[in-house]
């Protein structure tokens with residue numbers, strides 16, 4: 001993308017620098033980047049070399065600070081008539097030019113510090129397959145929020161070449177979708193997570209020795225209980241109560257984790273219609289502001305779970321060429337919504353609502369039993385366990401049974417349907433997913449079979465979508481003739 | 001069917017040699033690794049030669065048997081609107097790319113291709129899955145011809 005610039009004949013704009021407050025942020029970044037240096041520092045501290053450690057720490061901060069200052073000094077960007085230019089690099093210079101036509105969108109992100117300082121990070125989304133380190137090249141680490149909005153407005157107006165579009169849409173019109181505190185709380189409860197326990201487990205595994213105790217060892221608890229003999233007697237006498245209290249604690253902690261995480265991420269969730277796309281703002285501490293251009297939407301994914309669905313809640317995200325925060329190619333548009341709200345958002349995209357009861361074509365039962373067949377090699381260790389350590393066999397046995405049972409449940413739900421010019425693919429039982437894919441967004445289609453499925457006469461259809469998963473969108477286990485016919489139908493609309 | 005799926009044809013016979021040469025290189029590395037493993041780990045225990053022997057048999061199978069089979073299963077076709085590539089047996093894949101969805105095209109010739117007079121047509125699509133579809137073992141003139149045919153169909157995306 002960085003082409004040599006035959007300038008002078010068009011306005012390239014005056015050079016601009018990052019906001020000086022970048023130095024604060026940049027220093028943090030440089031310090032994070034030092035990596036191995038911290039191990040050395042920790043070693044010095046542990047071995048009691050305090051003076052040396054302080055000297056080293058000062059040196060690191062100095063190096064980091066100088067690095068940040070040099071980066072700032074050598075970083076310039078220009079907003080030209082038809083492109084953004086970024087000149088960066090301390091020793092090896094990189095001159096990058098990003099034409100407005102190629103910019104899918106301008107993402108604005110503000111961390112807690114940046115919000116306090118009134119600066120923002122701006123990222124130019126070019127929609128190329130650049131999710132590697134190269135994508136860093138279109139990033140302005142810190143500029144004033146005001147300037148960020150100016151640049152975004154400019155890019156949008158240049159892109160559409162429509163002077164009307166320059167008028168900033170006031171954000172206070174009726175949103176396409178928004179989540180109030182109550183909805184946020186509900187979403188948080190559904191995001192029930194025991195990950196915090198996994199985290200604690202990991203920490204004690206790693207640092208337990210250093211702390212001098214290990215909360216996961218029996219000895220630790222025996223010591224604790226010995227120190228509190230009355231409690232021990234109580235626990236032994238009222239085992240049921242202790243178990244119940246423990247379970248309640250687990251549930252409360254899991255729910256709290258879910259609520260906190262969801263609040264941090266989705267606080268003030270709001271989707272607005274702009275003239276080129278859907279603008280999403282969310283976040284409590286780190287506030288993000290991302291716009292998904294309408295034309296870039298490739299497919300819609302409605303996901304839910306058994307519990308969520310029982311309460312009538314679903315999540316809507318869009319597959320897109322432009323990447324969302326964290327480089328994922330799914331833009332979350334509604335974390336927790338009713339069917340009619342989802343249809344409303346889709347209508348803003350210009351899509352028809354999702355039919356409630358389309359004519360589903362179910363997949364072959366081979367979906368279940370080929371899976372069971374693939375698990376058969378595990379019967380050997382199971383047999384060994386039954387003979388040698390039979391209680392362990394119960395664990396492996398039930399894991400296998402549950403796996404097959406879940407597959408069987410998923411089979412009931414796995415189906416596809418044609419809805420005029422788009423295909424609906426429904427999969428999963430625990431993680432329920434409904435893919436809505438317009439025919440014209442299918443980039444290629446594979447029919448795959450292996451030595452087992454050939455014998456049964458089934459095949460899988462894999463549809464490639466821009467911005468989808470690397471594996472493609474899979475319709476599994478359909479009779480081979482049906483697979484060919486379906487592929488023919490899906491691709492026939494292509495001019 | 002007639003409208004969609006093109007007539008399928010095999011690639012150049014020279015591609016077998018390309019495959020064989022590639023397998024030979026891979027086999028050589030495999031044998032070398034097995035030999036070192038043998039010497040370092042197994043020979044002291046008196047089981048020398050087992051791994052190396054297995055590697056030699058596997059490499060021979062790869063060089064002698066595999067190329068014909070891969071070649072035999074590989075078919076491609078370019079129709080009015082579709083490019084189709086069919087390959088594999090144990091894991092069989094039948095890929096169709098609508099020509100209108102092709103992003104850009106390369107004709108690639110590696111050193112082995114030059115040696116055996118073949119080249120590959122590389123078709124880039126926008127899909128994350130199948131972002132690159134390769135038709136290997138084409139005569140250079142045929143690859144160029146296909147490239148020109150497909151290029152006619154490539155639409156410039158408006159957005």
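Output the strands (runs of 3 or more DSSP E) that fall wholly within the stretch B:80-147 and possess 2 or more residues being touching a residue at least 12 places away in the same chain (Cβ under 8 Å), more than 7 Å from every other protein chain (Cβ to nearest Cβ) and within 12 Å of the chain's Cα centre (by Cα), or say none.
Numbers: elements: B:82-87, B:91-98, B:102-108, B:119-125, B:132-138.
Passing ranges, in order: B:82-87, B:119-125, B:132-138.
Here's the yes/no breakdown for (1) closer than 23 Å to residue A:123 by Cβ; (2) under 15 Å from the mean Cα position of the chain (by Cα); (3) surrounded by 21 or more Cβ atoms within 10 Å (Cβ to Cβ):
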{"site": "A:277", "(1), (2), (3)": "yes, no, yes"}
{"site": "A:285", "(1), (2), (3)": "yes, no, no"}
{"site": "A:305", "(1), (2), (3)": "no, no, no"}
{"site": "A:312", "(1), (2), (3)": "no, no, no"}
{"site": "A:320", "(1), (2), (3)": "yes, yes, yes"}
{"site": "A:347", "(1), (2), (3)": "no, no, no"}
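For the stretch A:437-448, check the following and say yes or no: at least one residue is out of contact with any helix residue (DSSP H, G or I) (no Cβ under 9 Å at 6 or more places or on another chain), facing chain B (nearest Cβ under 8 Å) and more than 30 Å from residue A:292 (Cβ to Cβ).
The answer is yes; a qualifying residue exists.
I'd like to know if the stretch B:8-20 contains one or more residues that are within 14 Å of another protein chain (Cβ to nearest Cβ) and either modelled with pLDDT of 80 or more or part of a helix (DSSP H, G or I) (or both).
Residues of the stretch B:8-20 that are within 14 Å of another protein chain (Cβ to nearest Cβ), as a first pass: B:8.
Next, from what is left, pick out any that are either modelled with pLDDT of 80 or more or part of a helix (DSSP H, G or I) (or both): B:8.
Yes, the stretch B:8-20 contains a residue that is within 14 Å of another protein chain (Cβ to nearest Cβ) and either modelled with pLDDT of 80 or more or part of a helix (DSSP H, G or I) (or both).
Could you please find all residues in the stretch A:464-495 being more than 8 Å from chain B (Cβ to nearest Cβ), in contact with a helix residue (DSSP H, G or I) (Cβ under 7 Å, 6 or more places away or on another chain) and closer than 27 Å to residue A:321 by Cβ?
A:476, A:490, A:493
Yes or no: residue A:197 surrounded by 12 or more Cβ atoms within 10 Å (Cβ to Cβ), within 35 Å of the chain's Cα centre (by Cα) and modelled with pLDDT of 80 or more?
Considered against the rule, which asks whether it is surrounded by 12 or more Cβ atoms within 10 Å (Cβ to Cβ), within 35 Å of the chain's Cα centre (by Cα) and modelled with pLDDT of 80 or more, residue A:197 comes out as no.
Conditions tested, residue by residue: (1) under 18 Å from the mean Cα position of the chain (by Cα); (2) at pLDDT 80 or above; (3) surrounded by 20 or more Cβ atoms within 10 Å (Cβ to Cβ).
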{"residue": "A:108", "(1), (2), (3)": "yes, yes, yes"}
{"residue": "A:114", "(1), (2), (3)": "no, yes, yes"}
{"residue": "A:139", "(1), (2), (3)": "no, yes, no"}
{"residue": "A:142", "(1), (2), (3)": "no, yes, yes"}
{"residue": "A:156", "(1), (2), (3)": "no, no, yes"}
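Given the conditions (1) without any contact (Cβ under 8 Å) to a residue 40 or more places away in the chain; (2) closer than 28 Å to residue A:486 by Cβ, report the number of the one that residue A:312 does not fulfil.
Going through the list (1) without any contact (Cβ under 8 Å) to a residue 40 or more places away in the chain; (2) closer than 28 Å to residue A:486 by Cβ, residue A:312 breaks only (2).
Among (1) in a helix (DSSP H, G or I); (2) under 24 Å from residue A:331 (Cα atoms); (3) away from chain B (no Cβ under 14 Å), which single condition is residue A:424 missing?
(1)
Could you say which residue among B:27, B:48, B:77, B:53 is at pLDDT below 90 and either under 15 Å from residue B:118 (Cα atoms) or surrounded by 14 or more Cβ atoms within 10 Å (Cβ to Cβ) (or both)?
Numbers: B:27 fails: at pLDDT below 90; B:77 fails: at pLDDT below 90; B:53 fails: either under 15 Å from residue B:118 (Cα atoms) or surrounded by 14 or more Cβ atoms within 10 Å (Cβ to Cβ) (or both).
Within the list B:27, B:48, B:77, B:53, the selection yields B:48.
Does residue A:368 satisfy the criteria of being part of a helix (DSSP H, G or I), free of Cβ contacts under 8 Å to residues at least 24 places away in the same chain and assigned by TED's automatic domain parsing to the domain that holds residue A:475? Give the derivation first.
On the way: part of a helix (DSSP H, G or I): yes; free of Cβ contacts under 8 Å to residues at least 24 places away in the same chain: no; assigned by TED's automatic domain parsing to the domain that holds residue A:475: yes.
Against the criterion (part of a helix (DSSP H, G or I), free of Cβ contacts under 8 Å to residues at least 24 places away in the same chain and assigned by TED's automatic domain parsing to the domain that holds residue A:475), residue A:368 does not qualify.
The values are calculated or read from the model by the stated rules, or taken from the named source; none is laboratory data. Note that the structure is predicted; figures quoted are calculated from it, not measured. As a convention, Cβ positions derive from the backbone with ideal geometry for all residues, glycine included, and neighbour counts pool all protein chains shown.
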